[in-house]
Structures are given as C-alpha cells and as structure tokens.
Amino acid sequence: MVPEKFEGINMPRHIGIIMDGNGRWASKRGLERSEGHKAGAEVFRRICDYGAEIGIECMTFYAFSTENWRRPPKEVAAIMKLFRSFLKEAEEREKENERKGLRFHLIGEKRGLPADIVKSIETLEEESADKKIMRVNLAINYGGRDEILHSVKELAARVKRGELSPGDITEDDISANLFTAGQPDPDLIIRPSGEYRLSNFMIWQAAYSEFWFSDILWPDFTTDDLDRAILDYAARNRRFGAV
Ligand code: IPE
Ligand code: IPE
Ligand code: MG
C-alpha cells in the first residue's frame, strides 16, 4: 500500500543507501566509534522496515566496504559483532514469521568474511527466499570494482570454455554476473554525512542513478529524511541521454 503522501508520484523502485557518519556522530558525543555503529545499526533496522511499509521494491544498504578492512581491528571487530547480532535477530524474526516479507541477499565477497557470518547470511537468504514485499541487499565486504572484476572473471572463464566469444560480450553479460544480477539498477542513491562521493558503491549500476546528499549523520537519519529524498527524486527529470 503506497501511503497518501506518495500517491501519484514516481516512486523509486530501488534505493541504495551509503550509511555513513557513524564515527563522527559518536565522536561529537565523546563516545567510542563503536557506539556510533551501534546507533547506526538501529537506524538501519528502522529505515529497512519503513522502506517495506511504503512499498519500495528493493533497498541496498552499504554496511561495510572492501576498503573498510583498513580500519583498526577493534573497530572492525565491533562492526562484525553488530552484523552477528542483526543476523541472529533476523533469523529469529524469520522463524516467528515476523519479518514482514523481507527477502535478504548478500552483495559482497564472501571470501574474507568470518565463516559464521557467511553461514548466517546464507541461512537468512535461504529462509527468506520466498518473501515478496521488499528485497534487501546487504552490502557487506562489498566493493564496486571488486564486483566488476568478479563478473569479468566469470565471463573470461566462459570464453575459455568456448561458450562465449569475446566480441559477443555485452553490457547485459556484465550486469548478469554482478552480485545484483536480475535486479533493477538503483534509481536513487542516498549518502548522508556530508560526503559527496560513491566510495566504491555500485559504480556500474549507478550510471544513471539520481543522487541525494545530506549533512545528516547516519545515526540521525529519520524516516522523514527518506520521505524528503523520495519526494526530491520524484520531482526530477531523468532523461537517460534522450531529450
Ligand atoms: C559508516 O560510518 C560505517 C562504516 C563505514 C562501516 P563511518 O564509520 O565511516 O563514520 P565516519 O565517516 O567516520 O563518521
Ligand atoms: C563508505 O563509507 C562505506 C560504508 C558506508 C559502508 P566510508 O566512510 O568507508 O567512505 P570514505 O572512506 O569516507 O570514502
Ligand atoms: Mg565514513
């Protein structure tokens, strides 16, 4: 059910969110950075449920990049702990059938992630596979360049096996071997925290995405902010190179 405030507008089908600003949010309060990640995880839960409520088809949450391993081990460990507790809770909600139709999908490199986290994600993917309200992509150990590289390697293997000729490779072949295969490209990409960059987020899929930047730090991001981003998006004129 699309709420009244969005009636008749051009809703984005797929929204990507770069959940940035947790560290600064914590520092401003004299807290450890891990406290910022904890607060950010709560906002992720709320925004994810809200997206499903207002009828978004797909949301991608950038939670940990392939470059974030450069952070101090203590901070990385705190973030992994938050993933574990989210996954445990999601699995329980799944069992009790409380996950209102959310279908989860990992986009990111499994290699390099702790084995128990990979296992929990795989279980959640399997158990939520038949859910239809909204698809939730969890971008964990995700990098856009890494994803393209992954796709290119797949295609190279097909060429080597004689199944594909190099001259016949299309853009669709590259898309079909990304982690987001079969999904619509993000219509709207939201980045809070006052940074104006993609930081390796969906660099292939973002070719014609609309961007919404804001100074709000992710732990302060509210459902009203998401509404604002959607309404701004709906007022834009997407031309895709045409007139
Ligand atoms: C985003 O918040 C969370 C991750 C990248 C894991 P940051 O931790 O990057 O917060 P800032 O940018 O330092 O404020
Ligand atoms: C992007 O934020 C990654 C995530 C939000 C998961 P970063 O904080 O890592 O990005 P940079 O380093 O400021 O570009
Ligand atoms: Mg950051």
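If you go through region 110-122 and keep only what is assigned to a helix (DSSP H, G or I) and open to solvent by 40 Å² or more (accessible area, probe 1.4 Å), you end up with ALA115, ASP116, LYS119, GLU122. What is the one condition in (1) farther than 14 Å from PHE86 by Cβ; (2) open to solvent by less than 20 Å² (accessible area, probe 1.4 Å) that ILE47 does not satisfy? Failing condition for ILE47: (1).
Each row is one residue, and each column tells you yes or no for (1) modelled with pLDDT of 95 or more; (2) closer than 29 Å to LYS38 by Cβ; (3) away from ligand 2 (no atom under 15 Å from the Cβ).
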position: VAL152; (1), (2), (3): yes, no, yes
position: ALA176; (1), (2), (3): yes, no, yes
position: ASP185; (1), (2), (3): yes, no, yes
position: ASP224; (1), (2), (3): yes, yes, yes
position: ARG239; (1), (2), (3): yes, no, yes
position: VAL243; (1), (2), (3): no, no, yes
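Report whether or not ARG99 is at pLDDT below 95 and buried (at least 17 other Cβ atoms within 10 Å of the Cβ). The answer is yes for ARG99. Given the conditions (1) buried (at least 16 other Cβ atoms within 10 Å of the Cβ); (2) of a type in the set (Ser, Thr, Tyr); (3) free of Cβ contacts under 8 Å to residues at least 12 places away in the same chain, which single one is not true for THR170? Of the numbered conditions (1) buried (at least 16 other Cβ atoms within 10 Å of the Cβ); (2) of a type in the set (Ser, Thr, Tyr); (3) free of Cβ contacts under 8 Å to residues at least 12 places away in the same chain, the odd one out for THR170 is (1). Here ARG84, ARG145, ARG70 are screened, and the one residue that is within 15 Å of ligand 1 (Cβ to nearest atom), farther than 20 Å from ALA41 by Cα and not small (Gly, Ala, Ser) is ARG70. Considered as a group, the residues in region 68-83 that are more than 13 Å from ligand 2 (Cβ to nearest atom) and basic (Lys, Arg) include one that is nearest to GLU109 (Cα to Cα), and that residue is LYS81.
Just name the residue that is most open to solvent (accessible area, probe 1.4 Å) out of those in region 203-235 that are in contact with a Leu (Cβ under 9 Å, 6 or more places away or on another chain) and in a loop (DSSP other than H, G, I, E, B). Ranking the qualifying residues of region 203-235, first place goes to TRP204.
The values are calculated or read from the model by the stated rules, or taken from the named source; none is laboratory data. Everything numeric in this text was worked out from a predicted model, so none of it was measured. Every residue, glycine among them, receives a Cβ derived from its backbone with ideal geometry; neighbour counts consider all protein chains shown. These accessible areas exclude ligands, DNA and RNA; they are computed on the full protein's heavy atoms, side chains included. Shrake-Rupley method; radii C 1.70, N 1.55, O 1.52, S 1.80 Å.
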